[in-house]
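Asks: The following block contains the structure, expressed as structure tokens.
What follows draws every value from the coordinates through simple rules; no lab data is involved. This is a predicted model, so every value here is computed, not measured. Counting neighbours? That spans all protein chains shown, and the Cβs are built from the backbone with ideal geometry, glycine included.
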Amino acid sequence: MLSRWPRATRRLGVGLLTAGVAAALATGAASCTSATPPDDTGAAGNPVVGVAAAGGGQPGGTLRVLVAGTIDTWDPQLMYVGPEAFFAQRTFVRGLTAYGTGDRQRDLEGDLATDTGRASKDSRSWSFTLRDGLTWQDGSPITCEDVRHGVARTFDRTTHIGGTNYATYLLDVPTKVTPEGLDKPVYEGPSDKRHQREFDRAVSCKGRTVTFLLREPEPDFAHIVALPEFAPRKASADTDDDKAGHDVVSSGPYRLEKPWVVGQGGTFVRNEHWDPRTDPIREALPDRIEVTTGLGEATVIQRLLNQQDDDTYAVSWVAASPTLRNQAGTDLQARLTFPFTGNVDYLAINMRSTVMSDPAVRKAFAMATNRATYVSANGGGGAGAPSWSILAPSIDPSGVEPPRGSSVMGDPEAARKVLTDAGVRLPVTVRVVHAKSGLIDKAYAALAAGWERAGFDVQLTGVAPEKYYETIEQKSSVERYDVFRGVWTSDIPSPSGVLPALFDSRINIDSSGPGQDVGYFTDDGVAALIDKADRTVDPAARGRVWAQVDDAIREKGGYVALSATKALYLHGAGVRHYEDHAVGGIVDLATVAVR
């Protein structure tokens, strides 16, 4: 039996949180607002990391949110992890658990639940008790059955076409093989009365307590239920009138004043039935939140720079050009923040390619990788450095963990010696594929220069971003490329959301291709350690096992870390108590103010 989810039940998407970062997560994380590399300052010396210079906030006023493009959905079960989901979770979607604010941003807390859950000794059963006094925006109570209904909706494959789907592979619901050859739960959502008993066994209610029975141990389940997928849902809200999911039935401090207009936006006002005494997370300071969508990215930044009309009170999650950090003027610098995004760049090494099957070649390639050059070419300060220091400062105060025996700048001469000592004939042809963009093309050209000094003949291939993952996950990729570029953001701040998904061949590799394990990394010892981590309940002990998993993967040359990305955000001068959230990655609507 697999230790994790069956292959193809979840499209994990766009890349990798490097295993070094994952190991750091396992050992405990510090808020990105308090572990800043010492050189992260603006032109005037003002810190521009994750906390603005504005003071604490007071209730009242109108906050504006400027959005590039459109919002696909406000349906909690259809929202994937990202800015829109985090906005929703801080304003109108409450979960069983949620992440804290201020210096407790990485601390998980009970939200709708009284605590972060009670697990059985083997972590296969988790129970959460709802707080007293919880209500929907119409004043009706939020019940255990509402939680069950929200989870049940994720099993309906006709409507659940987006969002995460942890419930379908974690909950102990029997499965069957579909005509497409996929292992899927027999239960197919709220309308499936035939298999209702199977779902009822996996998700049960007793009064205000909901209990989840899992297929296998999951010590991080309390983090998983913080995702919007596990938010409650009123059954009466399921109508055919809003197929895109823009109707809002609020369980939080704000409700939608009028119907949402796709491409334009809408206004959130106070939910009169939200009781702050039941909510330990959200201060909900603004009276109104006006969301404007359908804008271009350049338009958003220009409006924030100009601050005309009410844009003085505006925020956005559109990243500005890193060059803004170098512009003089304390007024502008005070409105900039520079947080880590949670995205991490990496190189996946094709363990089945002829050239990379040699451990000496993998070692030399990693040693010759110049991270500093990559970061500089990839937007300078906007790219950031690998975030080991941010997540666990004791690992390396410089924020960079180079390959063993190498440096942040890379060491082409030492790498060349590794190759020659191993009897490898030079030059070594290596084919590297990456998603195309102006900055990325320059960054990979810079990397190639270092690799070539070490004795590699580098052949770079750029692929259109919209075709990139389709390209590298094809079966033919194993014969066409030796190194793949990836970017990964974990759904939860835990290596359990990273390492198994990307390095456990049992849940990735089959006759159709590599899945997320694009480098075809396969190792029985690593798989056994992943299983051990899944069975380890104590958080500290589990963190040590995940660190062993990470060490084993790196020792075998399974990946090369590049950088943890940062984004430069700009907000209006009238915004108070501005903080970028360490887990959410954008401005924290739970605490921001305009007064």
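Asks: What are the ³J(HN,Hα) couplings of the range 282-298, residue after residue, when phi is run through the Karplus curve with 6.51, -1.76, 1.60 and θ = phi - 60°? Round to Hz, x for glycine and proline.
Replies: Once θ is set to phi - 60°, the couplings for the range 282-298 become 9, 7, 6, 7, x, 6, 9, 10, 8, 9, 10, 10, x, 8, x, 4, 4 Hz.
Asks: Using only C-alpha positions, report the orientation-averaged shadow area of the convex hull of the range 442-595, nm², one decimal.
Replies: Mean orientational projected area (the range 442-595, Cα hull): 13.2 nm².
Asks: Going by average Cβ density within 10 Å per residue, which order do the peptides 549-556, 170-177 take, highest to lowest?
Replies: Peptide ranking by packing, descending: 549-556, 170-177.
Asks: Determine, for each peptide in 88-101, 572-585, the mean count of other beta carbons within 10 angstrom over its residues, then list the peptides with the highest first.
Replies: 88-101, 572-585
Asks: Label K532 and E180 with points 7 Å out from Cα along Cα→Cβ: what is the distance between them in nm?
Replies: That separation, rounded to one decimal, is 3.7 nm.
Asks: Between R544 and C205, what is the label-point separation in nm under the 7 Å Cα-to-beta-carbon projection?
Replies: Using points 7 Å along Cα→Cβ, the separation is 4.3 nm.
Asks: Give me, ordered by chain and number, the residues 5 or more places off R576 or on other chains with an amide H under 5 Å from its own placed amide H.
Replies: Those lying under 5 Å, H to H, from R576 are A593, V594, R595.
Asks: If you take all C-alpha pairs in the range 247-389, what percent of them are over 21 Å apart?
Replies: Every Cα pair in the range 247-389 considered, those over 21 Å come to 66 percent.
Asks: Follow-up. Could you give me D for the chain, from Stokes-Einstein at 20 °C and 1.002 mPa s, where the hydrodynamic radius is the Kirkwood radius over C-alpha pairs? Units µm² s⁻¹, please.
Replies: Approximately 86 µm²/s, per Stokes-Einstein.
Asks: Would you mind putting 112-119, 350-357, 438-445 in packing order, based on average other-beta-carbon counts within 10 Å, highest first?
Replies: 112-119, 350-357, 438-445
Asks: What list of ³J(HN,Hα) values in whole Hz, one per residue of the range 456-466 in order, does the Karplus curve 6.51 cos²θ - 1.76 cosθ + 1.60 (θ = phi - 60°) give from phi, with Gly and Pro shown as x?
Replies: Ordered by residue, 3J(HN,Hα) equals 9, 9, 8, 10, 8, 10, x, 10, 3, x, 5 Hz.
Asks: Related question: Considering only DSSP beta bridges where both residues belong to the chain, give the percentage that are antiparallel (nearest 5).
Replies: 70
Asks: Computed on alpha carbon atoms, what radius of gyration and Dmax characterise the range 75-125, expressed in Å?
Replies: Rg, Dmax (Cα atoms, Å): 12.8, 36.
Asks: Using each residue's phi in the range 227-234, evaluate 6.51 cos²θ - 1.76 cosθ + 1.60 at θ = phi - 60° and report the 3J(HN,Hα) Karplus result to the nearest Hz, with x for Gly and Pro.
Replies: For the range 227-234, the Karplus-derived couplings read 6, x, 3, 9, 6, x, 8, 6 Hz, x marking Gly and Pro.
Asks: Determine the shape class of the range 150-297: with a ≥ b ≥ c the square roots of the Cα gyration tensor eigenvalues, call it rounded for a/c under 1.5, and otherwise prolate if a/b is greater than b/c, oblate otherwise.
Replies: Prolate is the answer for the range 150-297, as a/c is 1.5 or above and a/b outweighs b/c.
Asks: Let me ask something else about it. Defining a contact as two alpha carbons under 8 Å apart and six or more residues distant in sequence, what relative contact order in percent does the chain show?
Replies: Computed over the chain, the figure is 27 percent.
Asks: Between D421 and Q459, what length in nm is gained on full extension when 0.36 nm per residue of separation is reduced by their alpha carbon distance?
Replies: Length difference between fully extended and current span is 11.3 nm.
Asks: Multiply the residue gap between K467 and T299 by 0.36 nm, knock off their C-alpha separation, and tell me the result in nm, one decimal place.
Replies: 57.8 nm
Asks: Return the whole-Å distance between the Cα centroid of the range 156-175 and the Cα centroid of the range 81-105.
Replies: The range 156-175 and the range 81-105 have Cα centres spaced 22 Å from each other.
Asks: Would the range 116-225 count as rounded, prolate or oblate if I go by the C-alpha gyration tensor, calling it rounded below 1.5 in a/c and otherwise prolate when a/b exceeds b/c, oblate otherwise?
Replies: Because a/c hits 1.5 or more and a/b fails to exceed b/c, the range 116-225 counts as oblate.
Asks: What pairs in K436/K566; K193/K234; K436/K475; K363/K532; K417/K556 have C-alpha atoms more than 24 Å from each other?
Replies: K363/K532
Asks: Arrange the following residues from fewest to most other Cβ atoms within 10 Å of their Cβ: D510, D538.
Replies: D538, D510
Asks: Neighbour counts of other C-beta atoms within 10 Å: give me I161, I289, I301 arranged from fewest to most.
Replies: Lowest count first: I161, I301, I289.
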